[in-house]
Amino acid sequence: MPIDQEKLAKLQKLSAKNKIGGTRRKLAKKTNSTANGQKDDTKLQAQLAKFHAVTIDNVAEANFFKEDGKVLHFSKVGVQTVPQHNTSVFYGIPQEKAIQELFPGIISQMDTGSLAQLAQLANQMQSAQQAGGDVEATEGEEKKDEAIPELTEGQTFDADVE
């Protein structure tokens, strides 16, 4: 059977405009990275609900002291606790601060045992700073000596200035 080339070209032109279906490729869905964090929070909330956690209101701030002398400071904090299981959960955004920044405000919140530990920590930090300061002082004296040029006979400072 002979094929009419004109009709074939016309049909191909029409079929190019009227495609049925499409590509078989599926578009990948984007997942939000915050979804995983929210999922973890919901799991945590579900576990705390099983334990009958109690929400503690009116907590202004929370401070966690680290061994290196830094403090994790929560200024706006939410607290849930489960006393039967000795579990507490703190919600918020922590800021890592030096203990000197928080020092005047936290003394009234501490008991005598904590004050003794704080005094011991302060002594350790002072001794470490003094040891570091002594090394810096000797290095500073050596640098001062290196910076001063030696005078030769017949040379004065006034001659260099003029």
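Assign one of three labels to the range 61-100, namely rounded, prolate or oblate, based on the Cα gyration tensor with a ≥ b ≥ c the square roots of its eigenvalues; rounded applies when a/c is under 1.5, prolate when it is not and a/b is larger than b/c, and oblate otherwise. Because a/c hits 1.5 or more and a/b fails to exceed b/c, the range 61-100 counts as oblate. Placing THR81, THR55, THR87 in order of accessible area, with the largest value first and a 1.4 Å probe, yields THR55, THR87, THR81.
The ALA122 and THR152 beta-carbon pair, evaluated with R₀ = 35 Å, returns a calculated FRET efficiency of approximately 0.10. 3J(HN,Hα) along the range 9-16, derived from phi through the Karplus expression 6.51 cos²θ - 1.76 cosθ + 1.60 where θ = phi - 60°, amounts to 5, 5, 5, 5, 5, 5, 6, 5 Hz, with x in place of Gly and Pro. Let me make sure I get this right: for the range 50-135, a, b and c are the square roots of the gyration tensor eigenvalues over alpha carbons, sorted descending. Under 1.5 in a/c it's rounded, otherwise prolate if a/b > b/c, else oblate. Which is it? Judged from the Cα gyration tensor, the range 50-135 comes out prolate (a/c at least 1.5, a/b above b/c). Straightening the chain between ASP68 and ILE93 buys 7.0 nm, computed as 0.36 nm per residue apart minus the Cα-Cα spacing. How far is it, in nm, from the label point at LYS43 to the one at LEU11 when both lie 7 Å from their Cα along the line to the Cβ? If labels sit at LYS43 and LEU11, their model points lie 5.9 nm apart.
Structural descriptor for the range 49-132: relative contact order 22 percent, calculated from alpha carbon pairs under 8 angstrom and at least 6 residues apart.
The values are calculated or read from the model by the stated rules, or taken from the named source; none is laboratory data. Because the structure is a prediction, the values reported are computed rather than measured. Cβ coordinates were reconstructed from backbone atoms using ideal geometry, including for glycine residues, and neighbour counts include every protein chain displayed. Side chains included, ligands, DNA and RNA excluded: accessible areas come from the protein's heavy atoms. Shrake-Rupley method; radii C 1.70, N 1.55, O 1.52, S 1.80 Å.
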